[in-house]
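The block underneath contains the structure these notes are about, expressed in structure tokens.
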Amino acid sequence: MKLDSKKICFLLLAWIGISGACDPGWTGSDCKTDVNECDSKPCGLYGNCTNTPGSYKCTCIDGFQGNGRDDCTDVNECLSGAAKCDSNADCTNLIGTYDCVCKSGYYGNRSVCYPETLLPTSSATKIPYDDIVNAPSGVPFLIGDVESSVFGVGGNGLISFSNKTLFSYEFRSPRSLYQLTSPVVAPYWVREMVDVRDSDRWTTQAWYELLNSNSHSARANWRAVKQIIEQEIRSEFNPLTVLIVTWRIRIPTLMYMMEVNCYYGCSYKQSDVKGWNNLCKDWCDRARAKASIEFQAVVTRNRTHSYAVFNYGNFQLPVLRFLNIPYHMGNLYAAAGFTDGLSVGQELPFSRRYNWPEQPNLSPGSSGRPGRHVLQLSSWYRQTSDSSKCSSWIAAARAKVSVSPSPGCSDCPFDFRTAVLDRRYSPYEFECSGGSIRMCFRNTTYQCAQSFTGSSASGCKPENSWRCKLENCRHLVSTRCCYRMSSAAAGSEIRELCNKNYGIWSIRNIMRRIMFDRATGGHLISSSSGGAGHAMYFFRDSANETRWWWRFEQSPQYLSESYGPKICSAAGMMTAFSRARPVCTSRSYKPPEGGFNRGDPHLSTLSNRSYTFNGHCEYHLLTSERWPNSPTLRLQARTAPVSGGAATAFVGVALKSGLNELAVSVIRNESSDDLDVFSSDGRRIGSVRGELAALSNATRLDSYRLEVPDNSTIDIVDESTGVSVTVTMETSSLRVGVQLDLSGKYPSGLDGLLGNSDASGFKLRNGSVLPAGSSERQLFEFGNSWRLNSSEPSYLHYPAGKGRADFCNLSFVPTFAEDFKDNMLALFGGNAKLKNASEEVCRSSGSSYLTCMFDAAQLRSVVAAQDAAVAIRDETRTRVVLANRPAEFESVPSQLRVNGNNSVGVTFSVTDPDGASPNVTVLEAVGGTAKLEAGASNSWQLVWQPVDNWRGDIKLQLAAVDEVGAVTVWTPKIVVCDCASRGSCCPDCDMADDTAYYHRQKCQCQPGFTGPQCEQRIAECSACQDTKEEDKDDEENYFKVASSQHQKSALHAGCIAALAPLILLGLIN
């Protein structure tokens, strides 16, 4: 055998303790393992190291020169010719790079500069972006099919042509323009960034210039707008009015700053180069100091056509473009286009796209010029009336419905507070106006009004199962519920929400915390004209159609259902609309059942039984496995030991439910102090404090809707079943709450740690039952019986290389609080200071003293124990509010008939299903005074006294408030007959006034008398002289012509009515 002399030498040297036997650059027992010299950073300043077999190579990074081993020196790209600047830009050398700055009158990026598109602002007026401007008398703005004489400028890049406050939820974050209910023109509508650090706040400056043909046609901007439109339409355009709004916004940070910012990009790019991080951060600071965007919207019209011009100027971002930060395009999410809030609208091709051009001023413009887009807002003027459009919509809507009467919706939560607390209902609108707050919610599950039958059915078996009923549903009904609360009743904390830039889920989350302290909960709106919610209808073409309702949003059906109430409201035809799409009521509402865990796990079941369980593994919180006809529900949890090691806490939760093929998993990330969200196919959806918090809309996964109301909470709602799970990160633990329709979807019950499958106690997996008063040790056995076994799938996310066994300790035995009832100091391990501090908190927490003390001892934190105690209190109060049934008005008429100025009285009763004695008050009285007197046996006497000769609106609302603060409102319709002695009321005639709140009957006057109350005597023929009025043809009265013609017709009709009796007398004589 031939020996390898080199190996023998290596072994001898190693045996006598001499190292370094391999050639330089190699290591290992056989000297075949390459040494990565770059780990020791051998290159000079700004030198990049590349490892090679047995060696390494140093080169200078871009922007520097030298051999790389020594310190690299800066290259002056402006002198060397390496800079690629436009001929209309000035080059500035920077250490390691260069900058191109477009010359005055130009804009662009490093390599391209275009002539400026923005119109000058030298004559413009600076405007606070929360102001509403009333335009001077003249031609109104024409946005689609809507006219407006007011506008407001939003600091986040939109113009609202309505009286709505710009702090309204509707305008806070970019979304589909077709969802808006107000006329809006938006050149660059972004989510306004307001960070906790003042230096990172976005600061907006906005200017407007309002021009008209009479006074400003000689101005340069007027001529420029005229030229831009004429070049676009290739014909003459004579503007009547021009509105120019310009924004300049300083943007020191982008929206997704939690994870994606310039500094992050530096470390991501090439952080292993000496000096790189400091150099790159210097570039970031320079970019940050210059970061701003500017853009402009022009709205103009002539007599029949209306246009918008979007001009995009300088876009200097606070992130260096060459860094190529992953996902950084999401920072530029913006909406661009217009809507009239009814049916007319348009969005630019890149609106709300994550591939929005990095600089919209460089994007190809519709006008043929980069950075300029021209949109046609309206091509006709009132060719079709709102009433005709509403009538057409109602006719088309009724034609689709084959059941009679039109299916209604009666499952609205009883009052405002109940809707806020019931997580099955998702908020979609929030507004503050007229001294009140209005908020609307939709039920996340839809009701089936009609099914496919016979050969059209799907053939699904068993037919009575939840899934088969769903598959065979043809006509689905969506419930929408709106509530109102007076600003006075709301209190300052809720009123402040009107002036905050919060998303609607954040508003709802804040209300959850403070609604308990309100004396009343706000009432369900029952009147269309008062802003009530109406049913929405959706239809499936066949039982095999896979597109379900959670995908209906933005579909043609959804847009049509949204258009109907808008156009009928504009036409004043909501009574007719309500017959096609009924107002939603609360007659059939059933509160949700729920369970929760808090602290160091203290659990409360669906049966409202509380206990403590400290196991160390993965468990079923809820499972419907034993009932195949019920919707699928698998709610699982993972636990881990807390700092003391004698107890555990929840660290992960997973949900699989309904028709979803995927599951959602929420895992606590200890290193980032965040919640990471995954789907069961391994995808990371995002983190609660990172990507998900930055989104303005909910994230969707199958039929799951993921909402992030604050930086420590995520709501997961399955819209196919209405199951909602809320996961909140607390000190050392996760708290989990679940709400569901137990009686409707799971009538047989559910198993698991939060289950209710046995009425007498706690049911173990083997079928045995522990009584309700069992000890902690006995309940430890119950809890472990619901541990996931090896044959059951786990939907919890596992890190790479990990499995279920890595998260389970089957021999773990916790500390039991019941062992320390008589020796609290031992529970705290002799720590008297922590024990005494905990006692002070726990005795006043409103929660179980022993539970609170156990949390403080095991988590070693008084704050954690207090948080858990507060959470338990709030969950308990939530159950009380949801279980409460509000008072009911009984024996009340639907109408109050009023004759002239005479008072009218009515007796009614108010009962409380829970046996309390409600208080009745006058909520609102307009056009009269209301006096209430309490009688015997819950009876009440109401006397309504009209105001003398009142011709304005009339409204009466009474509110009954129970002991929990639930509000029920009665709104009688007041029918008024107030004709004078020369006339009589005509019940069958057209109504003089008709609203949801009152009906003023029309008067039939005696011959020779006229007026609303027959109070005017008609003069003789001398009064019938025909008055002629020349029609003027300028913008001051162009839109008054139709009104003038109508007045003439009315005058001629009055003359004929006056002459008729005189002519008749002449014929008789």
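The values are calculated or read from the model by the stated rules, or taken from the named source; none is laboratory data. This is a predicted model, so every value here is computed, not measured. Neighbour counts are summed over all protein chains in view; Cβ atoms, including those assigned to glycine, are modelled from backbone coordinates with ideal geometry. Areas reflect the complete protein model, heavy atoms only, side chains present, ligands, DNA and RNA absent. Shrake-Rupley method; radii C 1.70, N 1.55, O 1.52, S 1.80 Å.
Being of a type outside the set (D, E, K, R), out of contact with any Asp or Glu (no Cβ under 7 Å at 6 or more places or on another chain), over 19 Å from R417 (Cβ atoms) and open to solvent by less than 40 Å² (accessible area, probe 1.4 Å) is the filter here, so list the residues in the range 574-603 that pass it.
M574, A576, F577, S578, A580, P582, V583, G595, N597, P601, H602, L603 - these are the residues of the range 574-603 that are of a type outside the set (D, E, K, R), out of contact with any Asp or Glu (no Cβ under 7 Å at 6 or more places or on another chain), over 19 Å from R417 (Cβ atoms) and open to solvent by less than 40 Å² (accessible area, probe 1.4 Å).
Matching residues to (1) at pLDDT below 70; (2) surrounded by fewer than 16 Cβ atoms within 10 Å (Cβ to Cβ); (3) charged (D, E, K, R); (4) in contact with a Pro (Cβ under 9 Å, 6 or more places away or on another chain):
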{"position": "F322", "(1), (2), (3), (4)": "yes, yes, no, no"}
{"position": "I325", "(1), (2), (3), (4)": "yes, no, no, no"}
{"position": "H328", "(1), (2), (3), (4)": "yes, no, no, no"}
{"position": "F338", "(1), (2), (3), (4)": "no, no, no, yes"}
{"position": "L342", "(1), (2), (3), (4)": "no, no, no, yes"}
{"position": "Q346", "(1), (2), (3), (4)": "no, no, no, no"}
{"position": "P349", "(1), (2), (3), (4)": "no, yes, no, no"}
{"position": "N355", "(1), (2), (3), (4)": "yes, yes, no, no"}
{"position": "E358", "(1), (2), (3), (4)": "yes, no, yes, no"}
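Looking at (1) more than 19 Å from A856 (Cα to Cα); (2) part of a helix (DSSP H, G or I); (3) at pLDDT below 90, can you tell me which one K835 breaks?
(1)
In the range 141-163, what residues are among the charged types (D, E, K, R) and crowded, with 21+ Cβ neighbours inside 10 Å?
D145
Within the range 639-663, which residues are open to solvent by 10 Å² or more (accessible area, probe 1.4 Å) and within 31 Å of the chain's Cα centre (by Cα)?
If the condition is that a residue be open to solvent by 10 Å² or more (accessible area, probe 1.4 Å) and within 31 Å of the chain's Cα centre (by Cα), then V651, K656, L659, E661, L662 are the ones that fit.
When you check S173 against the structure, is it modelled with pLDDT under 85, over 30 Å from N93 (Cα atoms) and either buried (at least 17 other Cβ atoms within 10 Å of the Cβ) or polar (S, T, N, Q) (or both), yes or no?
So S173 passes the test.
Do we find a residue being more than 28 Å from L317 (Cα to Cα), open to solvent by 40 Å² or more (accessible area, probe 1.4 Å) and charged (D, E, K, R) anywhere in the range 41-61?
yes
With respect to V708, determine if the residue is among the β-branched types (V, I, T), touching a helix residue (DSSP H, G or I) at 6+ places or on another chain (Cβ under 6 Å) and in a strand (DSSP E or B). Outline the logic, then answer.
Working: among the β-branched types (V, I, T): yes; touching a helix residue (DSSP H, G or I) at 6+ places or on another chain (Cβ under 6 Å): yes; in a strand (DSSP E or B): yes.
The answer is yes for V708.
Only one of these conditions is not met by Y483: (1) in contact with an Asp or Glu (Cβ under 8 Å, 6 or more places away or on another chain); (2) within 18 Å of H534 (Cβ to Cβ); (3) open to solvent by 10 Å² or more (accessible area, probe 1.4 Å). Which number is it?
Failed condition: (3).
Take the range 937-963 and flag every residue that is open to solvent by less than 40 Å² (accessible area, probe 1.4 Å), within 18 Å of E890 (Cα to Cα) and small (G, A, S).
Once the filter is applied, which keeps residues that are open to solvent by less than 40 Å² (accessible area, probe 1.4 Å), within 18 Å of E890 (Cα to Cα) and small (G, A, S), the range 937-963 yields S939, A959, A960.
Evaluate the following for G752: is it at positive phi, among the small types (G, A, S), open to solvent by less than 20 Å² (accessible area, probe 1.4 Å) and at pLDDT 90 or above?
yes
For the range 571-589, which residues satisfy the criterion of being within 25 Å of the chain's Cα centre (by Cα) and over 14 Å from H534 (Cβ atoms)?
Result: S586, Y589.
Select from the range 703-719 the residues that are under 13 Å from the mean Cα position of the chain (by Cα) and more than 20 Å from S672 (Cβ to Cβ) and list them in ascending order.
R705, E707, D715
If D70 meets every condition in (1) crowded, with 16+ Cβ neighbours inside 10 Å; (2) free of Cβ contacts under 8 Å to residues at least 40 places away in the same chain apart from one, which number is that one?
Only one criterion in (1) crowded, with 16+ Cβ neighbours inside 10 Å; (2) free of Cβ contacts under 8 Å to residues at least 40 places away in the same chain is unmet by D70, namely (1).
For the range 303-320, enumerate the residues that are within 15 Å of P370 (Cα to Cα) and surrounded by fewer than 23 Cβ atoms within 10 Å (Cβ to Cβ).
G313, N314
A quick yes/no check of all residues on (1) open to solvent by 40 Å² or more (accessible area, probe 1.4 Å); (2) modelled with pLDDT of 85 or more; (3) not assigned by the TED database to the domain that holds R424; (4) not in a helix (DSSP H, G or I):
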site: Q450; (1), (2), (3), (4): yes, yes, yes, yes
site: P462; (1), (2), (3), (4): yes, no, yes, yes
site: R467; (1), (2), (3), (4): yes, no, yes, no
site: L470; (1), (2), (3), (4): no, no, yes, no
site: H475; (1), (2), (3), (4): no, yes, yes, yes
site: A490; (1), (2), (3), (4): no, no, no, no
site: R495; (1), (2), (3), (4): yes, no, no, no
site: N501; (1), (2), (3), (4): yes, no, no, yes
site: I507; (1), (2), (3), (4): no, yes, no, no
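If T1027 meets every condition in (1) more than 30 Å from H305 (Cβ to Cβ); (2) exposed (fewer than 13 other Cβ atoms within 10 Å of the Cβ); (3) out of contact with any Leu (no Cβ under 9 Å at 6 or more places or on another chain); (4) modelled with pLDDT under 80 apart from one, which number is that one?
(3)
Look through D867, D874, D855 and report the one residue that is of a type outside the set (K, R), modelled with pLDDT under 85 and open to solvent by 40 Å² or more (accessible area, probe 1.4 Å).
The conditions single out D867.
Check off (1) of a type outside the set (G, A, S); (2) open to solvent by 10 Å² or more (accessible area, probe 1.4 Å); (3) at pLDDT below 85; (4) part of a loop (DSSP other than H, G, I, E, B) for N238 and give me the number that stays unchecked.
(3)
Would you point out the residue of the range 75-116, among those that are touching a Leu at 6+ places or on another chain (Cβ under 8 Å) and open to solvent by 30 Å² or more (accessible area, probe 1.4 Å), that is nearest to K281 (Cα to Cα)?
I95
Looking at F414, is it among the aromatic types (F, W, Y), open to solvent by 20 Å² or more (accessible area, probe 1.4 Å) and modelled with pLDDT of 90 or more?
Yes; evaluated as a whole, the condition is true for this residue.
Looking at A925, A934, A966, which is the one that is touching a strand residue (DSSP E or B) at 6+ places or on another chain (Cβ under 9 Å), surrounded by fewer than 13 Cβ atoms within 10 Å (Cβ to Cβ) and either over 20 Å from S586 (Cβ atoms) or among the hydrophobic types (A, V, I, L, M, F, W, C) (or both)?
Among A925, A934, A966, only A934 is touching a strand residue (DSSP E or B) at 6+ places or on another chain (Cβ under 9 Å), surrounded by fewer than 13 Cβ atoms within 10 Å (Cβ to Cβ) and either over 20 Å from S586 (Cβ atoms) or among the hydrophobic types (A, V, I, L, M, F, W, C) (or both).
Scan the range 280-302 residue by residue and report those that are touching a residue at least 60 places away in the same chain (Cβ under 8 Å), open to solvent by 10 Å² or more (accessible area, probe 1.4 Å) and not acidic (D, E).
Once the filter is applied, which keeps residues that are touching a residue at least 60 places away in the same chain (Cβ under 8 Å), open to solvent by 10 Å² or more (accessible area, probe 1.4 Å) and not acidic (D, E), the range 280-302 yields W283, R286, N302.
If I ask for residues that are under 25 Å from Y107 (Cβ atoms) and either touching a Cys at 6+ places or on another chain (Cβ under 6 Å) or part of a strand (DSSP E or B) (or both), which ones from the range 42-87 would you list?
Those that are under 25 Å from Y107 (Cβ atoms) and either touching a Cys at 6+ places or on another chain (Cβ under 6 Å) or part of a strand (DSSP E or B) (or both): C78, A83, C85, D86.
Which condition breaks for W550 when tested against (1) part of a loop (DSSP other than H, G, I, E, B); (2) more than 21 Å from L180 (Cβ to Cβ); (3) modelled with pLDDT under 90?
(1)
Looking at P918, is it surrounded by 15 or more Cβ atoms within 10 Å (Cβ to Cβ), of a type outside the set (V, I, T), closer than 25 Å to E593 by Cα and in contact (Cβ under 8 Å) with a residue 24 or more places away in the chain?
In short, no.
In the range 386-419, how many residues are within 29 Å of the chain's Cα centre (by Cα) and assigned to a loop (DSSP other than H, G, I, E, B)?
Summing the residues that are within 29 Å of the chain's Cα centre (by Cα) and assigned to a loop (DSSP other than H, G, I, E, B) in the range 386-419 gives 8.
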